[in-house]
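One structure is given below, encoded as structure tokens.
The values are calculated or read from the model by the stated rules, or taken from the named source; none is laboratory data. If you're wondering where the values come from, they're calculated on a predicted model, not measured in any experiment. Every residue, glycine as well, gets a Cβ built from its backbone with ideal geometry; the counts of neighbours run over all protein chains shown. Accessible surface areas use protein heavy atoms only, side chains included; no ligands, DNA or RNA. Shrake-Rupley method; radii C 1.70, N 1.55, O 1.52, S 1.80 Å.
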Amino acid sequence: MPVTLREVRDGDLPLFFAFMSDPEATRVAAFTSADPADRAMFNAHWQRIRMAEAVVMRTVLADGVVVGNAGVYGPPAEREVTYWIDRAHWGRGLATAALRALLEDVPERPLHARAAADNAGSVRVLEKCGFTVTGTDRGYAEARGEETDELLFRLDGPA
């Protein structure tokens, strides 16, 4: 299934909100907003993202259908990747394809990432894209309501 990236459009946001407020998806991701169902908070967050010059955010399309988003944000020495794929499309390689496409669009290195240690799918995506584990951390995961272990990743060269 061909995966492409494009600029985020206003019409993508209702889909992103639906994807990112799915209770099972937020539990797996763990480190989400305090209230994923808060549309006003979501809208304000995405307005900041879309106005920030240092943020590269893309809509992920599979066969022309919006399935998620992927981006890079943060200060130059700590640039971090992020991605979210609609749970209905998990297990099809779309996150890996989207992250690979993003890494081609954003050649700067190093890039960093974080994933809940028990989020096997996200860990696998990062490793397939060339990220290596550099450490661990533990933080409060809003979606789980508890402290959760996470893995820290780094990518130094091309994916």
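Pull out a ≥ b ≥ c, the square roots of the eigenvalues of the alpha-carbon gyration tensor of the range 1-61, then state rounded if a/c is under 1.5, prolate if not and a/b is larger than b/c, and oblate in the remaining case. Walk me through the intermediate numbers first.
Numbers: a/c = 1.79, a/b = 1.20, b/c = 1.50.
Oblate, because a/c is 1.5 or more while a/b does not exceed b/c.
Compute the FRET efficiency between R87 and T132 as 1/(1 + (r/R0)^6), taking r as their Cβ-Cβ distance and R0 = 25 Å, and round to the nearest 0.05.
Working: r = 27 Å, r/R0 = 1.07.
Once rounded, the FRET efficiency stands at 0.40.
Expressed as a whole percentage, what fraction of the accessible surface of the chain belongs to carbon and sulfur atoms when a 1.4 Å probe is rolled over the protein heavy atoms?
Numbers: 4300 of 8280 Å².
Reported share for carbon and sulfur atoms: 52 percent.
Using only the Cα atoms of the range 119-159, what are the Rg and Dmax in Å?
For the range 119-159, the Cα radius of gyration and maximum Cα-Cα distance read 11.8, 36 Å.
What accessible surface, in Å², does a 1.4 Å probe find on E146, ignoring ligands, DNA and RNA and rounding to the nearest 10?
Its accessible surface works out to 100 Å², give or take rounding.
Nearest 0.05, what FRET efficiency do R48 and A120 give at R0 = 25 Å with Cβ-Cβ as r? List each step's numbers first, then the result.
Numbers: r = 31 Å, r/R0 = 1.23.
That pair, R48 with A120, gives E of 0.20.
Over the chain, what is the relative contact order in whole percent, taking alpha-carbon pairs under 8 Å and six or more residues apart?
Details: 272 pairs, mean separation 38.4, N = 159.
It comes to 24 percent, rounded to a whole number.
For T32, enumerate residues with amide H under 5 Å from its amide H, sequence gap 5+ or separate chain, H modeled in the peptide plane.
E142, A143
How large is the translational diffusion coefficient of the chain in µm² per second when you combine the Kirkwood radius over alpha carbon pairs with Stokes-Einstein at 10 °C and 1.306 mPa s? Don't skip to the end; give the middle numbers.
Working: Rh = 15.9 Å.
The estimated diffusion coefficient comes to 100 µm²/s.
Would you kindly derive the ³J(HN,Hα) couplings of the range 3-11 from the backbone phi angles with the Karplus curve 6.51 cos²θ - 1.76 cosθ + 1.60 (θ = phi - 60°), listing them in order in whole Hz, with x for Gly and Pro?
10, 10, 10, 8, 4, 6, 10, 3, x
If each DSSP helix of 4+ residues adds -39,500 (n - 2.57) and the sum is divided by the residues in the chain, what number results at 222 nm, nearest 500 deg cm²/dmol?
On the way: 5 runs with 49 residues, N = 159.
The helix-only estimate for the chain comes to -9000 deg cm²/dmol at 222 nm.
Provide the gained length on full extension for the span E108 to E78, in nm with one decimal, where the gain is 0.36 nm per separating residue minus the Cα-Cα distance. Mind dumping the intermediate values first?
Numbers: separation 30, 0.36 × 30 = 10.80 nm, distance 1.10 nm.
Additional length available on full extension: 9.7 nm.
Taking Cα pairs under 8 Å and at least six residues apart, what relative contact order does the range 1-85 come out at, in percent?
On the way: 102 pairs, mean separation 28.0, N = 85.
Contact order relative to length: 33 percent.
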